[in-house]
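As structure tokens, the structure follows; a few thoughts come after it.
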Amino acid sequence: MSELLNPDHIDFAEICVGGQFRSGAGGTAPSIDPTDGTLVADYGVAGLDDVEEAVAMGRTALADPAWRDLKPHERARVLYRIGEAIEAHAEVISALQTRDTGKTLAETLALALSAAGTFRYVAATLESLDEDLTAPRGPWVTMSVHEPIGVVAAITPWNSPIASDAQKVAPALAGGNAVILKPAEWTPLISLFLARLAYLAGLPRGLLSVLPGPGRVIGDALVRHPQVRKVAFTGGTVTGRRIAQIAGTKLMPVSLELGGKSPTIVFPDADLDEAIAGVLYGVFSSTGQSCIAGTRLFVHESIREAFVSRLVERAKALRMGRGDAPGTQMAPMIAHAHRDKVAAMVDAAVAAGARLLCGGKVPLGEFAAGAWYPPTIIDNVANTDTICREEIFGPVLAVLSWSDEDDLVAKANDNEYGLACGIWTRDYKAAWRVARRIEAGTVWINTYKQFSSSTPFGGVKNSGLGREKGRHWIQSYMNQKAIYWGMSKDPIGWG
């Protein structure tokens, strides 16, 4: 790719309908930099007519032999090229995403490279994806094949643009589908940029649309549309339940990656330096705006005082600053409204008797204009308190203690969510024993917030349905069909 796309030369007031970049029927809306409240860009907002046109263009593209008849390895070439385009633009994407979300450049660069890796992994998996010749049970040759579902709606969150987009768009395209991507209202710029890269890389027209707009309008229309055959959603549990209800009336498959209230468990024999660093990273990286954040800390009572003292000291030393400033660890939150919601939850917990160990106050001075909130640690709480039950989605950690393993497991599991868990111990038998008893889709042992495209990810209970990543990722965007070849010399003996 000889020349990179420059976001400064892109009109973000244009939405993408099947590869056509034009004004949306919903007008425009502002994307605000949460660092200081300034305008990043006015972006295009889709309307209901745009939804209808995107679905129609997707269906037309699916019927076109230029896509329909491609062999898997030929579709994989398109995905490889998209991955290469993302990687070539990684620093450009990182800078744009930092402006749009406030995140640190280190995090946004990692997200961009993750997205490129997702497209490459999915392409490689597609090239090596075999169908099954099943064991004969009669005078037939039987086989199982997979075919495209059709038009897929991908609804993605604001906390990890480009990476979340790739985790839905790549496997859906690999399965031979058309995709309509509905990004979060707070962070649509990267999704619009991704569409331009995909078409620049040779994706046939019609196969990808990006429709920014309110979830209650555009998201709802996509979920309800009779020609949308699957919805892949990452976001809040309340919205996820609503999508599941609509999908039930349509008998439509969904994948739902929802909220979390993940426990982090520290055993008395843990390497304390590693555990403290891991706990801090698990809850305060991304300014706590992560569904997998380890927000409930269970520390063994024999080391609690020493561990928490050191943890608070390290938390106070975390560097708050602009996302584009070197060394920043804690960037602003996504928006003032979200910051205020987090602050209100902390204030309510303190009013109910929780004790602030650090943070807990909206900063002033140089941070007054932005959506800032400091790393916050509280104790004197019970596992039944609201602050320990509900997802905060901010940099807030609640400290609890434990002494009995059975009681620990019961409390860790006593929550409506089941997304992730962290365990810190040198005892591999204890780690295995507790990991198997925890109700969660992912358990990290002596590490946290690490991902691999080859390893399935998802939640249990109210944390979601289905899995992303792994070798069966593509097939979750396909319909399975059985084919029987009759081999008997004799006709069916009936009639």
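Miscellaneous remarks
- Convex hull volume per residue in cubic angstrom - Cα atoms of the range 353-466: 158
- Expressed to the nearest 5 percent, the antiparallel share of DSSP beta bridges inside the chain is 45 percent.
- For the range 70-147, the list of GluC sites (Glu not before Pro) that fall in a loop by DSSP and count at most 15 other C-beta atoms within 10 angstrom reads E131.
- Value of Rg to Rh for the range 263-445 (Rh from inverse mean 1/r over Cα pairs, i.e. Kirkwood): 0.96
- Less than 5 angstrom separates the built amide H of I423 from those of I265, W444, I445, N446, T447, all sequence-distant by 5 or more or on a different chain.
- Ordering I86, L113, A124 by Cα displacement along the dipole of the range 64-124 toward the positive end leaves A124 in first place; charges were set at the Cβ atoms of Lys, Arg (+1) and Asp, Glu (-1).
- Here the alpha carbons of the range 151-292 define both size measures, Rg and Dmax, at 17.7, 58 Å.
- 3J(HN,Hα) from dihedral phi, the range 84-97, Karplus parametrisation 6.51/-1.76/1.60, rounded to Hz, x for glycine, proline: 5, 5, 5, 5, 4, 9, 4, 5, 5, 4, 4, 5, 5, 5
- Free of any trypsin sites (Lys or Arg not before Pro) that DSSP assigns to a loop and that have at most 14 other C-beta atoms within 10 Å, the longest stretch within the chain is 138-318.
- Across the range 145-191, the volume of the C-alpha convex hull divided among the residues equals 59 Å³ per residue.
- At full extension, A344 and R389 could sit 14.7 nm farther apart than now, given 0.36 nm per residue minus the alpha carbon distance.
- Exceeding the 18 Å Cα-Cα cut-off - candidates K182/K461; K71/K469; K261/K461; K449/K469; K261/K361: K182/K461; K71/K469; K261/K361
- With neighbours defined as other Cβ atoms within 10 Å of a residue's Cβ, the residues Y199, Y477 order from fewest to most as Y199, Y477.
- Cα Rg over Rh - the range 52-94, Kirkwood: 1.14
- Based on alpha carbons, the Rg and Dmax found for the range 221-334 are 19.8, 59 Å.
- Take every pair of alpha-carbon atoms less than 8 Å apart whose residues are at least six positions apart; their mean separation over the length of the chain yields a relative contact order of 18 percent.
- Distant-in-sequence amide H partners of C358 (H built 1.01 Å from N, under 5 Å): I377
- Calculated from backbone phi, Karplus (6.51, -1.76, 1.60) coupling profile of the range 31-46 in Hz, x at Gly/Pro: 9, 10, 6, x, 5, 9, x, 7, 7, 8, 6, 8, 10, x, 10, 7
- Dividing the summed helix terms, -39500 (n - 2.57) for each DSSP H run of n ≥ 4, by the number of residues in the chain produces a 222 nm estimate of -11500 deg cm²/dmol to the nearest 500.
Every number here is computed from the coordinates shown, using simple stated rules; none is lab data. Just so it is clear, the structure is predicted and the values come from calculations on it, not from any experiment. Positions of Cβ are backbone-derived with ideal geometry, glycine not excepted, and every protein chain shown enters the neighbour counts.
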